[in-house]
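Scroll down for the structure; my scribbles are underneath it.
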Amino acid sequence: MSPTGTPLFEPVTIGDLTLKNRIVMAPLTRSRSSDAGIPPEFAAEYYAQRATAGLIISEATNISAQARGYALTPGIWTAEQVEAWQHVTRAVHANGGIMFLQLWHTGRISHPDLHDGALPVAPSAIAPKGQAFTNSGLKDHVTPRALETDEIPAIVADYAHAAQCAKDAGFDGVEIHSANNYLLDQFIRDSTNKRTDRYGGSLENRLRFPLEVVAAVTKVWGGGHRVGLRLSPGTTMPGETPLDSNPMATYGAYVAELAKSNLLYIHDIEGITQLSRAPDGIDYMAFRKAFTGAYIANNNYTRELAESTIAEGKADLISFGRPFIANPDLVDRLRTGAPLADAPKPYWYGGNANGYSNWPGMNGPIALKS
Ligand SMILES: Cc1cc2nc3c(=O)[nH]c(=O)nc-3n(C[C@H](O)[C@H](O)[C@H](O)COP(=O)(O)O)c2cc1C
């Protein structure tokens, strides 16, 4: 047991991985990659500085050109991208870290500017509210193009290719991004999926594409033991309220199917991403109980809430997002009760190493092994 009386800071084994502690760095898009989806050289330093987390999950990473929804986000489908990520995984491993890559397709949360003028794709032609981050600033979302049924196998193949690229890049596993109303979630929710083919209508049909993706990705990784999945049954992100009409039934059925895939973990955003943990009628513990692998809880956790949640057996791991931005040594700060630095919002997205990989630890610059 840790000095704080709970095992938050103690090693834990999930699947065949032993993690140094139960604290996970949540995926954080930081928009510092090139137009070709190449993460910057200083990304290696940034992630390695945070290798004291039990597990690092990378920023959301596009599986294909079609998947892009935000300027300056990284990719994992070309040889150049794989090579750049190899620098990151080597640096993280040299510093004792374990890192998964988050596989991303944004679907309708995109803009024609990111696709040479072509429309973003989605299950149905329903425009999201809000704005897309393009190379020329924020622009209103547009009505996307509904995917043809015979286009869907190629996207599943893109996921498999990206999963293989992540393996080649030296990641320890992958997390399928099925949260926050990006493409997989757009298929799952009945407010964004109005299809009449085998990928829409019944709950079984709405889950078909995400489960095909899970099958393809787990096949590449030799089973589910190095594959996690992120979901957000209650979130209204990004920018609207496209909730499913019956989230408990929908995500309950999804989790039951995921349990059969022997995934390593589900990573559950409890409440509205970043904004709220207020009761939303969703019984997150029912999902935890229905799932056979590990449960990572996220969203507005403090050290106190993390400790009580672990102590009460309500999660196996807790992920922190925003606190990791300005606190590379977040684990040590939480352990010792040291104050947390706050990252001003202008540093969140875009820019260079400033406000990204130059945050000091509480005892000065973080010393890295190379
Ligand atoms: C700057 C920023 C970027 C984010 N990028 C991602 C992302 O790439 N993938 C993802 O699943 N969630 C992303 N999120 C959501 C976080 O992973 C997390 O769910 C959210 O911040 C709530 O956790 P927290 O209260 O510990 O920050 C992002 C959040 C922030 C603040």
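So that you can scan it fast, the table gives a plain yes or no per residue for (1) modelled with pLDDT of 95 or more; (2) surrounded by fewer than 22 Cβ atoms within 10 Å (Cβ to Cβ); (3) within 14 Å of the ligand (Cβ to nearest atom):
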site	(1), (2), (3)
P279	no, yes, no
F287	yes, no, no
G293	yes, yes, no
T309	yes, yes, yes
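Taking strands (runs of 3 or more DSSP E) as the structural unit, those lying wholly within region 1-91 and holding at least 3 residues that are within 16 Å of the ligand (Cβ to nearest atom) and either open to solvent by 10 Å² or more (accessible area, probe 1.4 Å) or aliphatic (A, V, I, L, M) (or both) correspond to 23-25, 55-62.
Scanning region 153-183 for residues that are closer than 20 Å to P112 by Cα and open to solvent by less than 10 Å² (accessible area, probe 1.4 Å) yields I155, N181, L183. Could you tell me whether any residue of region 143-153 is in a helix (DSSP H, G or I), touching a residue at least 60 places away in the same chain (Cβ under 8 Å) and in contact with a helix residue (DSSP H, G or I) (Cβ under 9 Å, 6 or more places away or on another chain)? Checking region 143-153: at least one residue is in a helix (DSSP H, G or I), touching a residue at least 60 places away in the same chain (Cβ under 8 Å) and in contact with a helix residue (DSSP H, G or I) (Cβ under 9 Å, 6 or more places away or on another chain).
D329 meets the stated requirement of being of a type outside the set (S, T, Y), touching a residue at least 40 places away in the same chain (Cβ under 8 Å) and more than 10 Å from the ligand (Cβ to nearest atom). Residues in region 127-148 that are charged (D, E, K, R) and more than 15 Å from G117 (Cβ to Cβ) were compared, and the one that is farthest from the chain's Cα centre (by Cα) is E148. It is to be established whether one or more residues within region 303-310 are farther than 22 Å from I266 by Cβ and not aliphatic (A, V, I, L, M). Checked against the condition, which is being farther than 22 Å from I266 by Cβ and not aliphatic (A, V, I, L, M), region 303-310 yields at least one hit. Taking strands (runs of 3 or more DSSP E) as the structural unit, those lying wholly within region 94-140 and holding at least 3 residues that are open to solvent by less than 30 Å² (accessible area, probe 1.4 Å) correspond to 99-104.
Identify, please: which residue in region 333-352 is at positive phi and in contact (Cβ under 8 Å) with a residue 40 or more places away in the chain and is, among those, most open to solvent (accessible area, probe 1.4 Å)? By that ranking, first place goes to G351.
The set of residues in region 217-226 being among the small types (G, A, S), surrounded by fewer than 19 Cβ atoms within 10 Å (Cβ to Cβ) and touching a residue at least 24 places away in the same chain (Cβ under 8 Å) consists of G223 alone. Screening G170 against (1) within 16 Å of the ligand (Cβ to nearest atom); (2) at positive phi leaves a single unmet condition, (1). How many residues, within region 308-335, are of a type in the set (D, E) and over 27 Å from L258 (Cα atoms)? Total meeting the criteria: 2. With respect to the conditions (1) closer than 30 Å to D140 by Cα; (2) within 16 Å of the ligand (Cβ to nearest atom); (3) in contact with a helix residue (DSSP H, G or I) (Cβ under 7 Å, 6 or more places away or on another chain), F209 lacks only one, and its number is (2). When every residue of region 224-236 is checked against the conditions, at least one turns out to be in a helix (DSSP H, G or I) and either hydrophobic (A, V, I, L, M, F, W, C) or touching a helix residue (DSSP H, G or I) at 6+ places or on another chain (Cβ under 7 Å) (or both). Across region 227-277, the qualifying residues are those that are more than 16 Å from the ligand (Cβ to nearest atom) and of a type in the set (D, E, K, R), and the one among them that is least open to solvent (accessible area, probe 1.4 Å) is D244. Criterion first (crowded, with 23+ Cβ neighbours inside 10 Å, within 14 Å of the ligand (Cβ to nearest atom) and of a type outside the set (V, I, T)) does L305 satisfy it? Criteria not met by L305. Give the residues of region 314-332 that are open to solvent by 40 Å² or more (accessible area, probe 1.4 Å) and farther than 21 Å from G355 by Cβ, sorted by residue number. Across region 314-332, the qualifying residue is only K314.
The values are calculated or read from the model by the stated rules, or taken from the named source; none is laboratory data. Computed from a predicted model, the values in this text were never measured in an experiment. Using ideal geometry, Cβ is built from the backbone for each residue, glycine included, and neighbour counts are taken over all protein chains shown. For accessibility, only protein heavy atoms count, side chains too; no ligands or nucleic acids. Shrake-Rupley method; radii C 1.70, N 1.55, O 1.52, S 1.80 Å.
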